[in-house]
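A.B. asks: To start, I am sharing the structure in question, which I have written as structure tokens.
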Amino acid sequence: MAANTNKQLRNQLMYQIFVRNFSPEGTFSAVQKRLDDIKSLGTDIIWLMPIHPIGVKNRKGSLGSPYAICDYRAVNPEFGTIGDLRALVDAIHGKGMKCIIDVVYNHTSPDSVLAKEHPEWFYHKADGAMGNRVGDWSDIIDLDYSSPELWDYQIETLKLWAGIVDGFRCDVAPMVPIAFWEKARAEVEKVHSGCIWLSESIDPHFMRYVRAHGISAHSDCEMYRAFDICYDYDVYFDLKAVFERKGTIESYIREVNRQEYIYPENYVKLCYLENHDQTRAAYHIPDKKRLRNWTAFMFFRKGLMLVYNGQENCAQHLPGLFDKDTVDFSGEDISAFIRTLADIKKDPVFTDSAYSVKVIEESVITAEHISGNKKAVGVFSVKGVTESIPVNLPDGIYTNLIDGKPVEVFRDLIISQGEPIIIITDKS
């Protein structure tokens, strides 16, 4: 496991940006102009989706997928220059935030620099042609990590970028050998101590699919050997089933609780309601009261919270990856609500705790963090209804840290008005 993972990542908020669609201009400079807004959410880390040039051959859409990279050591000229990127990262640092970038090391575009200069570093089909192992990824070709020279090139590239940014979100990382990531982490640490490593884990269905086709893919348990943070895909699709009325909240919460005993003691999960691959939360949950409850619960979970650009304005449209599709920031602004939750999450009780979650009649989620002499209790009415809820707190008057209002516990019950409640108190 990554023994030096900092558990304080569990207290933090990451904000995800797709530079192309973040603004009408689609540039690094346009992102820089919005840093005060991003910081005001309580953001600790900004994740820039791939910043590299995109291939032309087999391109999807008019502009191509940012995950079909043609040169790992350059920046996409549509976004600006390397100088513009450095200026953006410097500005991010100046506002007390960190910046990580996407690393797409499973594959490149068919016309990439590496495909032209080192075709021997790629997977070849039975007919000898370069290709990919997953059929619908038609705009990329897979790398073959049996070559030590490829390892050297990729690690040197990471070290170059580690001189600018603070970490890496690694695309489909489980399809790249874990031994490579372990070596990469050790080498990058020499040039950037404390570099952040986020693995896009593989969801259970895709894991079964690739393994059934003889393709190697690592579990989250394996990925924690090299990574600080793993995606929440082990439980996200149980949550999505709830939103689509195909599954139960109880089933989802059972999987969330399972994370506490199947992963390393210092595990950090990336918790989210949405990302660039998944349906917008406000589309799944158009009722604003229910959306506030689900958002608050996600912040209360044990892990680093992710907000995808536009989520703070309840955007319902998920921008496409292959064409210009500017994020809609015109919806209801819940930035202050997110900031409040981010501030609450900074409390040390969330850093290193015994964590447990319960479901009450498929309508309310209650959760606890217990650390030392402190306890955090959350009550989340995910159906947005008023009801009395059993809680593990002594009778008394407490403060709901979300809205500052007093709430009473009487005979082990608390009345929820349908809004989320978070209480932090001394353990009794």
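A.B. asks: Taking the criterion of being modelled with pLDDT of 95 or more and basic (Lys, Arg), would at least one residue in the stretch 354-364 satisfy it?
C.D. replies: Yes; the residues of the stretch 354-364 include at least one that is modelled with pLDDT of 95 or more and basic (Lys, Arg).
A.B. asks: Please verify whether Ala376 is open to solvent by less than 70 Å² (accessible area, probe 1.4 Å), on the phi < 0 side of the Ramachandran plot and assigned to a strand (DSSP E or B), treating the condition exactly as stated. I'd like the intermediate steps shown before the answer.
C.D. replies: Working: open to solvent by less than 70 Å² (accessible area, probe 1.4 Å): yes; on the phi < 0 side of the Ramachandran plot: yes; assigned to a strand (DSSP E or B): yes.
Yes: the conditions hold for Ala376.
A.B. asks: For the stretch 182-218, give me each residue that is open to solvent by less than 50 Å² (accessible area, probe 1.4 Å) and closer than 18 Å to Val134 by Cβ.
C.D. replies: Ser199, Glu200, Ser201, Ile202, Asp203, Pro204, Phe206, Met207, Val210, Ile215, Ala217, His218
A.B. asks: Restricting attention to the stretch 5-39, report how many residues are under 19 Å from the mean Cα position of the chain (by Cα), under 14 Å from Met97 (Cα atoms) and open to solvent by 20 Å² or more (accessible area, probe 1.4 Å).
C.D. replies: 2
A.B. asks: Out of curiosity, is Phe227 part of a loop (DSSP other than H, G, I, E, B), touching a residue at least 40 places away in the same chain (Cβ under 8 Å) and buried (at least 22 other Cβ atoms within 10 Å of the Cβ)?
C.D. replies: Yes: the conditions hold for Phe227.
A.B. asks: Could you tell me whether Glu244 is at pLDDT 95 or above, closer than 30 Å to Arg133 by Cβ and surrounded by fewer than 16 Cβ atoms within 10 Å (Cβ to Cβ)?
C.D. replies: Taking the combined requirement at face value, the residue satisfies it.
A.B. asks: Glu260 versus (1) in a loop (DSSP other than H, G, I, E, B); (2) open to solvent by 10 Å² or more (accessible area, probe 1.4 Å); (3) in contact (Cβ under 8 Å) with a residue 12 or more places away in the chain; (4) among the acidic types (Asp, Glu): which is the lone unmet condition?
C.D. replies: Glu260 satisfies every listed condition except (1).
A.B. asks: Continuing with the same structure: Could you figure out which of (1) within 16 Å of Trp47 (Cβ to Cβ); (2) assigned to a helix (DSSP H, G or I); (3) open to solvent by 10 Å² or more (accessible area, probe 1.4 Å) isn't true of Ile92?
C.D. replies: (3)
A.B. asks: Let me ask something else about it. Could you check the stretch 353-367 and list, in sequence order, the residues that are touching a residue at least 60 places away in the same chain (Cβ under 8 Å) and open to solvent by 70 Å² or more (accessible area, probe 1.4 Å)?
C.D. replies: Of everything in the stretch 353-367, just one residue is touching a residue at least 60 places away in the same chain (Cβ under 8 Å) and open to solvent by 70 Å² or more (accessible area, probe 1.4 Å), namely Lys358.
A.B. asks: Of Asp277, Asp343, Asp328, Asp333, which residue is free of Cβ contacts under 8 Å to residues at least 24 places away in the same chain and under 19 Å from the mean Cα position of the chain (by Cα)?
C.D. replies: Only one candidate passes the filter, namely Asp277.
A.B. asks: Answer with yes or no whether Ile402 is among the β-branched types (Val, Ile, Thr), part of a loop (DSSP other than H, G, I, E, B) and in contact (Cβ under 8 Å) with a residue 12 or more places away in the chain.
C.D. replies: Against the criterion (among the β-branched types (Val, Ile, Thr), part of a loop (DSSP other than H, G, I, E, B) and in contact (Cβ under 8 Å) with a residue 12 or more places away in the chain), Ile402 qualifies.
A.B. asks: If the requirement is being out of contact with any Ser or Thr (no Cβ under 8 Å at 6 or more places or on another chain), of a type in the set (Phe, Trp, Tyr) and within 28 Å of Gln154 (Cβ to Cβ), which of these qualifies: Tyr72, Tyr67?
C.D. replies: Tyr67 is the lone residue from the list that is out of contact with any Ser or Thr (no Cβ under 8 Å at 6 or more places or on another chain), of a type in the set (Phe, Trp, Tyr) and within 28 Å of Gln154 (Cβ to Cβ).
A.B. asks: Another question about this same structure. Determine which member of the set Ile370, Ile424, Ile415, Ile389 is open to solvent by 20 Å² or more (accessible area, probe 1.4 Å), part of a strand (DSSP E or B) and free of Cβ contacts under 8 Å to residues at least 40 places away in the same chain.
C.D. replies: Ile415
A.B. asks: Looking at Ile46 and the list (1) under 17 Å from Leu318 (Cα atoms); (2) touching a helix residue (DSSP H, G or I) at 6+ places or on another chain (Cβ under 8 Å), which single condition is not satisfied?
C.D. replies: Unmet for Ile46, out of (1) under 17 Å from Leu318 (Cα atoms); (2) touching a helix residue (DSSP H, G or I) at 6+ places or on another chain (Cβ under 8 Å): (1).
A.B. asks: When you scan the stretch 164-181, how many residues do you find that are assigned to a loop (DSSP other than H, G, I, E, B), under 13 Å from Ile202 (Cβ atoms) and either open to solvent by less than 10 Å² (accessible area, probe 1.4 Å) or among the hydrophobic types (A, V, I, L, M, F, W, C) (or both)?
C.D. replies: 2
A.B. asks: Please verify whether the stretch 294-302 includes one or more residues that are assigned to a loop (DSSP other than H, G, I, E, B), open to solvent by less than 40 Å² (accessible area, probe 1.4 Å), over 20 Å from Val385 (Cβ atoms) and modelled with pLDDT of 95 or more.
C.D. replies: Of all residues in the stretch 294-302, those assigned to a loop (DSSP other than H, G, I, E, B) come to 301-302.
Okay, now just the ones that are also open to solvent by less than 40 Å² (accessible area, probe 1.4 Å), so 301-302.
Then drop every residue that is not over 20 Å from Val385 (Cβ atoms), which leaves 301-302.
Still in the list and also modelled with pLDDT of 95 or more: 301-302.
Scanning the stretch 294-302 turns up at least one residue that is assigned to a loop (DSSP other than H, G, I, E, B), open to solvent by less than 40 Å² (accessible area, probe 1.4 Å), over 20 Å from Val385 (Cβ atoms) and modelled with pLDDT of 95 or more.
A.B. asks: Out of all the residues in the stretch 273-290, which are open to solvent by less than 10 Å² (accessible area, probe 1.4 Å) and within 15 Å of Ile334 (Cβ to Cβ)?
C.D. replies: Leu273, Glu274, Arg280, Ala281, Ala282, Ile285
A.B. asks: Only one residue in Trp161, Trp151 is part of a helix (DSSP H, G or I) and without any contact (Cβ under 8 Å) to a residue 60 or more places away in the chain. Which one?
C.D. replies: Only one candidate qualifies: Trp151.
A.B. asks: Step by step: first the residues of the stretch 95-130, then only those that are assigned to a helix (DSSP H, G or I) and closer than 20 Å to Ser216 by Cβ, then the one that is least open to solvent (accessible area, probe 1.4 Å). Which residue is that?
C.D. replies: Within the stretch 95-130, the first condition is being assigned to a helix (DSSP H, G or I), and the residues that meet it are 113-117, 119-121.
So of that shortlist, the ones also closer than 20 Å to Ser216 by Cβ come out as 120-121.
Numbers: Glu120: 109, Trp121: 14 Å².
It comes out as Trp121.
The values are calculated or read from the model by the stated rules, or taken from the named source; none is laboratory data. Keep in mind that what you see is a predicted model, and the values were worked out from it rather than measured. For neighbour counting, all protein chains shown are included, and Cβ atoms are generated from backbone atoms with ideal geometry for every residue, glycine included. SASA here: full protein model, heavy atoms, side chains in, ligands and nucleic acids out. Shrake-Rupley method; radii C 1.70, N 1.55, O 1.52, S 1.80 Å.
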